[in-house]
1. Taking θ = phi - 60°, what integer Hz values does the Karplus form 6.51 cos²θ - 1.76 cosθ + 1.60 yield along the range 18-28, in sequence order, with x for Gly and Pro?
2. Using a simple spin-label model with points 7 Å from Cα along the Cα→Cβ vector, what separation in nm is obtained for residue 40 and residue 12?
3. Based on other C-beta atoms within 10 Å, arrange 29, 8, 51 from fewest to most.
4. Per-residue HN-Hα couplings for the range 71-78, Karplus 6.51 cos²θ - 1.76 cosθ + 1.60 at θ = phi - 60°, whole Hz, x for Gly and Pro?
5. Relative to the longest principal axis of the chain, what angle (0 to 90°, nearest 10) does the C-alpha long axis of helix 49-64 take?
6. Once the principal axes of the Cα atoms of the chain are found, what is the range along each, listed largest first in whole angstroms?
7. What FRET efficiency comes out for residue 50 versus residue 81 if R0 is 25 angstrom and r is the Cβ-Cβ distance? Round to the nearest 0.05.
Amino acid sequence: MESQSIRTKLARLSLNGLSIGDVLGTMLTCEPELIRQRKTPTPSWYFTDDTVMGICVTRLLELDGSIDQDALAKRFAEEYSLDPH
């Protein structure tokens, strides 16, 4: 059980990095001048389906300890349908 707990913690850390990179990448790609000015975009910050997939993977790992492709596809479709934009 200890290794499952460590894997869950690592998956959550990875998800944090993924989501932050996703948001910054999305916003800075749309506003390249901010990079030159070393400024962050103003809210609202948006994430993509990459973060949604990461959330789904992490949740399945937490629940089952593994990834079943069919369960992942179903969960992704459910999450994505909540906000397809």
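1. Working through the residues one at a time gives 4, 5, 5, x, 5, 5, 4, x, 5, 6, 6 Hz.
2. So the label points at residue 40 and residue 12 sit 2.1 nm apart.
3. 29, 8, 51
4. These are the phi-based 3J(HN,Hα) values: 5, 5, 4, 5, 5, 4, 4, 5 Hz.
5. Compared with the principal axis, the helix lies near 20 degrees.
6. 47, 30, 17
7. 0.90
All of the numbers you see were taken from the coordinates with simple rules; none came from a lab. A quick note: this is a predicted structure, and the numbers were derived from the prediction, not measured. Here the Cβ is made from the backbone with ideal geometry for all residues, glycine too, and neighbour counts use every protein chain on show.
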